[in-house]
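Written out below as structure tokens is the structure these notes cover.
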Amino acid sequence: MDLKLRVWRQKDANSKGGFENYDVQNITTDASFLEMMDILNEQLVNSGQDPVAFDHDCREGICGMCSLYINGRAHGPDTEVTTCQLHMRKFKDGDTITIEPWRSGGFPVIKDLMVDRSAYDKILQAGGYVSVNTGGVPDANALPISKIDADEAMDAATCIGCGACVATCKNSSAMLFVSAKVSQLALLPQGKVEASRRAKAMVARMDELGFGNCTNTGACEVECPKGISIAHIARLNREFLFATCKE
Amino acid sequence: MSGFMSSSIGKKFFMSITGLFLMVFLLVHLTANLALLFGPEAFNKVSHFMGTNPIIQVMQPVLAIGFILHILYASMLTIQNQKARPESYAKTVNGHQSSWTSKNMYILGGVVLSFLVLHIINFFWKMKVTGSPLLNEVEVDGEMMENAYGLVVGLFKDPQLGIVYSLVYILGAVGLGFHLTHGFWSSFQTIGMSNDLWRKRLTAVGYLFALLIGAGFSIIPLFLMITA
Amino acid sequence: MTKLNSKIPEGLVAEKWDNYKAHQKLVNPANKRKLDVIVVGTGLAGGAAAASLGELGFNVKVFCYQDSPRRAHSIAAQGGINAAKNYPNDGDSIYRLFYDTVKGGDYRAREANVYRLAQVSNDIIDQCVAQGVPFAREYGGLLDNRSFGGAQVSRTFYARGQTGQQLLLGAYGALNRQIEAGTCKMYNRTEMMDVVVVDGKARGIITRNMVTGEIDAHFGHAVVLATGGYGNVFFLSTNAMGSNGSAAVKAYRKGAYFGNPCYVQIHPTCIPVHGDFQSKLTLMSESLRNDGRIWVPKKKEDAEAIRAGKLKPTEIKAEDRDYYLERRYPAFGNLVPRDVASRAAKERCDAGYGVGTGQAVYLDFKTAIERLGEDKIRERYGNLFQMYEKIVDENPYKTPMMIYPAIHYTMGGLWVDYELQTTIPGLFAAGEANFSDHGANRLGASALMQGLADGYFVLPYTVQNYLADELHTPRLNPEETKEFIEAKDEVQNHINKLMNINGSRSVDSIHKELGHIMWDNVGMARNEKGLKDAIEKISALRKEFWANVKVPGSANEMNPELEKANRVADFLELGELMARDALHREESCGGHFREEFQTEEGEAKRNDQDFTYVATWEYKGSEASPELHKEDLKYEAIEVKVRNYK
């Protein structure tokens, strides 16, 4: 099929960007969205133009590196997929596709469709871990953990840190991301030990980095490629309030 | 605690607590108003009780503070939220990810606030400050009290503007109802009292509550229009 | 004169690691902070090593090319991680895990390393649980296990189909904690461009900031490369798009020997190639072979009709299907090791029985669904079926999946001794980047085990042993040290050269051509003629690359094409080295199958007499052939036998 692409181009973080229009021809419906982008780039390189920069790596939906706001939706028009798992059969011949980078004060654009998501790293550095050193830990089966809790912790732990929640939230809030880690560790006895400290430190770091406030619209969980529930946000709120009460 | 007050979750906590408080107020207010359906005597008695009961008098300024905090925090959060996305998207999809009301609570809040101002001018202001000839005292069960019923009926049955007021009041009630469809569940979520199961229950109860408040407050002008 | 000294400690195989630790040198806490360690790569091995070294108190600088350390490709591992815990009480032990790994590797791994790997495997599970990794559990609250190919016990711990992700996030958490504590300094979107060697020892690296294009030099008393494998030489593989062999190649050029480059693992169950535009191959977990049956049509005309779209697989009667794995290997059936299953699929397709494009076979769940019901199958493999449906747009509950083998893992890598040190003192290699503990074939769920073993439990000891002698080495200032300045200039020249070719071919088109040569000649089945052919073709392609590649944009900005060009330049070097190694190894073993060396039934035929050694290659300049050095493998705890899966 033939498509018209409207792609955001921006030289670097300090330049002003704008949309450019491109045509691509004979795209098969079996191609993934990023393969379509590869074809566009090959076309641009061959005609002496600068290819479109976009983040991607594993191309199987797990590394969280690919982003792209496609036709008004984070990761495009399919549910529970990342952009690399989106296939062209979701589009029709002659469609115009608008491709934008994630938009958030917390994720400044680096170039074209690439954004800087190091804010996510910084939030996790504030406390998204269990403070144990290598070695000297008890036997793995020393502490039984309820399967229900372990499964729920796993639901939260599947977060790939792609940023779709921030990108899609009208307030550009990072609460789903933060809650996924806080919730995972709060559910496990290993993480409970420092749960209060973690919740406060991570929320404080999140607030510093320019993300908005959650207004419980629930858009994040709809666009989350891993389907993480905003029930985890409720748990984060709970953890944070308890932590404050303990002061 | 100062960290809590300035944190995003802390600010939302205040939104949520004041919201829940205002919802309780709405319930009390609606109960009182519905006395109107039982005639002038019932309504005047309730109105008299509300105007003289010491607990209610003490709660009035608290209620005012509740409103003001709710509005102030909403404004603060909204400004921050808008700053969080300096450049907006060229293309967005509406309605897929979340309900319109959940995304437009500030606008709905504005609707409710405008209505509230009008409502205060129409009734509260007249009863407490300026007075009105319609409020001339009447005797109910041997006790003299203001004719609040007269004031209400006077407004909605005004030959020129009665129909306009009725429609504006119904609009205000519906706006409030929509505000509550998101606000009810959302306030529980913010204070952490939700999970996947309770969310379903709370949203259902929230819709019922919103319907009750929206319809309940609309009934009064409608009732007066019909009985006209 | 060979420099190969594997430094295997004295004693029985079970005592070697304890002996090593008991006698190694240590650095006291106050001195640790005076010593700098560079870690390149943040996957399981790199992330774990950086965090552990930081916890000990060393000054660690950590580098990754992705936008965050959490993106490393370890994240994509699905199945699980092996450990000899014997929780299910089914007869597992450290010795048995050791034995299975050596046997699975077709007796081409170093005994002492593999034994140590099995020993520390249990510590890994304890460590990960303590970090909050949500492994699957039973209702009683204890850890659950499942079984994987090549073993008769259930020793694989897992977290749904995302074990690699969870383990990596554990290591990433530990690394984050050290970054916050200030012991580790993280450099994201930074690519290593060269190793700096001063007076014969690795002393640092040259990097390129991928956002600004800036070239920097970093000093370290020791350098750890945990940069993964080089499967992307084949262009199409299950590796991430950015996975590359450049760090290993740079080290190789600086004098580190390259071990067993020809050992490549081809995974039998991947979604087949479906077009020339395709950028990568997606793995379907090995666990599917527990319930799925692999077949092709028995009659050639049926296969032709299917390829032409005239016949559906569901229309073929049971007696007209050839369940070739069950036919050839009745004892193991569909659960033969990866190398065996892959070759069998290729054999059928080459004979004209392939389906789809002709390069695919069926993986059918019909029997399993009839036996267990669709719900049970959904519970077991639901996420994989969904993934398949998203990609192929066919419902695998109704029609069989199509699969074909694909490049998955490289057992070869930088040669390291028992301490994981390369032939350049102070330069260590860990995880898939080293020639590893897997011999000629890796068993499922062992890659995660090796990465974390190296990172958490081996390097913190062996790097320390090395650094104990470096206390008096002052921190060198890269701005003023000749070797750093020269290395930086070299990198700059290399980049300028790439930018200035300004030819007419895109990097990808050359990479794809290399991939085709590799797949056809250095892939699943190799022969002398094909390999010689490949060496010639790659050499010509390399010339073509340096004469005719086109890199748009400039070097002083974010330039993904430049990054790719730099990596492909190294892949061309690696491809040739792989072909050379494959040509010299005149036997078939594990993932290396030479058509000349097979039994009458078409099975791999090892030559233990002449080839029980690690082939390591020393770089001799871009125009000269590399020199072969051999590390003889001695088996003391295990009797060498012929693998038999019939």
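The figures follow:
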| read-out | value |
| --- | --- |
| The protein assembly as shown: antiparallel DSSP beta bridges as a percent of all, rounded to 5 | 70 percent |
| Helix-derived mean residue ellipticity, 222 nm - over chain C, DSSP H n ≥ 4, -39500 (n - 2.57), to 500 | -11500 deg cm²/dmol |
| Per-pair calculated FRET efficiency, R0 = 30 Å: A:Glu194 and B:Ser6 via Cβ, rounded to 0.05 | 0.85 |
| Reachable lysines, given that their alpha-carbon falls under 20 Å from the alpha-carbon of B:Lys45 and they are not under 8 places away in the same chain | B:Lys126, B:Lys128 |
| Value in Å of the Kirkwood radius, where chain C supplies the Cα pairs that are averaged | 25.1 Å |
| Separation in nanometres of the label points that stand 7 Å from Cα toward Cβ, at C:Glu319 and A:Gln43 | 5.4 nm |
| Karplus 3J(HN,Hα) series, Hz, for the stretch A:146-160 with 6.51 cos²θ - 1.76 cosθ + 1.60 (x for Gly, Pro) | 3, 4, 5, 5, 4, 5, 5, 4, 5, 3, 6, 6, 6, 3, 9 |
| Cross-link partners of A:Lys246 among lysines (Cα-Cα below 18 Å; sequence separation of 8 or more within a chain) | A:Lys192, A:Lys200 |
| Inter-label distance for B:Leu118 and B:Lys83, nm, one decimal - labels placed 7 Å from Cα along Cα-to-Cβ | 3.4 nm |
| Positive dipole terminus of chain C, leading residue within C:Ala159, C:Asn113, C:Val211 (C-beta point charges) | C:Ala159 |
| Positive-end residue of A:Ala180, A:Cys245, A:Leu209, charge dipole of the stretch A:118-246 with Cβ unit charges | A:Cys245 |
| Centre separation in Å (Cα based) which lies between the stretch A:82-108 and the stretch C:464-526 | 34 Å |
| At R0 = 60 Å, FRET efficiency that the Cβ-Cβ distance of C:Glu479 and C:Glu596 yields, to 0.05 | 0.60 |
| Total charge dipole magnitude, chain C, about the Cα centre, Cβ charges on Lys, Arg, Asp, Glu only, Debye to nearest 20 | 700 debye |
| Point-charge dipole on Cβ atoms (K/R +1, D/E -1) for the protein assembly as shown, about Cα centre, debye to 20 | 1280 debye |
| Theoretical gain in end-to-end length, A:Thr79 to A:Asn133 [0.36 nm per residue, Cα-Cα removed] | 15.6 nm |
| Listed residues A:Leu187, A:Leu44, A:Leu209, most fluctuating in chain A (Gaussian network, C-alpha, under 10 Å) | A:Leu44 |
| Length gained when the stretch C:Asp393-C:Arg327 is fully extended (0.36 nm per residue, less Cα-Cα span) | 20.7 nm |
| Cα pair distances exceeding 34 angstrom across chain B, given as percent | 23 percent |
| Among C:170-178, B:187-195, C:212-220, the order from most to least packed when residues are scored by Cβ within 10 Å on average | C:170-178, B:187-195, C:212-220 |
| Greater than 28 Å apart at Cα, pairs in C:Lys3/C:Lys634; C:Lys543/C:Lys630; A:Lys92/C:Lys398 | C:Lys543/C:Lys630 |
| Test item: C:65-78 mean partner chain Cβ contacts at 10 Å | 6 |
| Of C:Lys346/C:Lys605; C:Lys512/C:Lys537; C:Lys366/C:Lys646; C:Lys254/C:Lys532; C:Lys280/C:Lys366; C:Lys346/C:Lys641, pairs whose Cα-Cα distance is over 23 Å | C:Lys366/C:Lys646; C:Lys254/C:Lys532; C:Lys280/C:Lys366; C:Lys346/C:Lys641 |
| Inter-label distance for C:Asn290 and B:His29, nm, one decimal - labels placed 7 Å from Cα along Cα-to-Cβ | 6.0 nm |
| For a label point 7 Å along the Cα-to-beta-carbon line of B:Lys91, residues of the stretch A:93-118 with backbone N under 11 Å | A:95-100 |
| Pairwise FRET efficiency - B:Ile107 versus B:Val205, Cβ, R0 = 22 Å, nearest 0.05 | 0.35 |
| Compactness of the protein assembly as shown, expressed as Rg and Dmax over alpha-carbon positions, Å | 33.6, 121 |
| For a label point 7 Å along the Cα-to-beta-carbon line of B:Thr227, residues of the stretch B:112-156 with backbone N under 15 Å | B:148-156 |
| Most positive-pole-ward Cα, A:Val193, A:Ala157, A:Cys169, against dipole of the stretch A:118-246 from beta carbon charges | A:Val193 |
| Along principal axes, Cα extents of the stretch A:3-111, largest first, whole Å | 37, 34, 23 |
| Excluding exposed DSSP-loop GluC sites (Glu not before Pro) (at most 15 other C-beta within 10 Å), longest clean stretch of chain B | B:138-228 |
| Highest-first arrangement of A:54-61, C:611-618, where packing means the average Cβ count within 10 Å | A:54-61, C:611-618 |
| Peptide-level mean, for A:145-153, of C-beta atoms on other protein chains within 10 Å | 5 |
| Reachable lysines, given that their alpha-carbon falls under 19 Å from the alpha-carbon of C:Lys34 and they are not under 8 places away in the same chain | C:Lys25, C:Lys61, C:Lys185, C:Lys201 |
| The stretch C:247-365 - Rg and Dmax from Cα coordinates, angstrom | 17.6, 60 |
| Linear extension gain, C:Glu636 paired with C:Glu544, 0.36 nm per residue minus alpha-carbon span | 28.2 nm |
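Read-outs: derived from the displayed coordinates by stated rules, not from any lab. Model, not experiment: these values are computed from the prediction. Quick reminder, even Gly has a Cβ in these numbers, built from the backbone with ideal geometry, and neighbours come from all protein chains shown.
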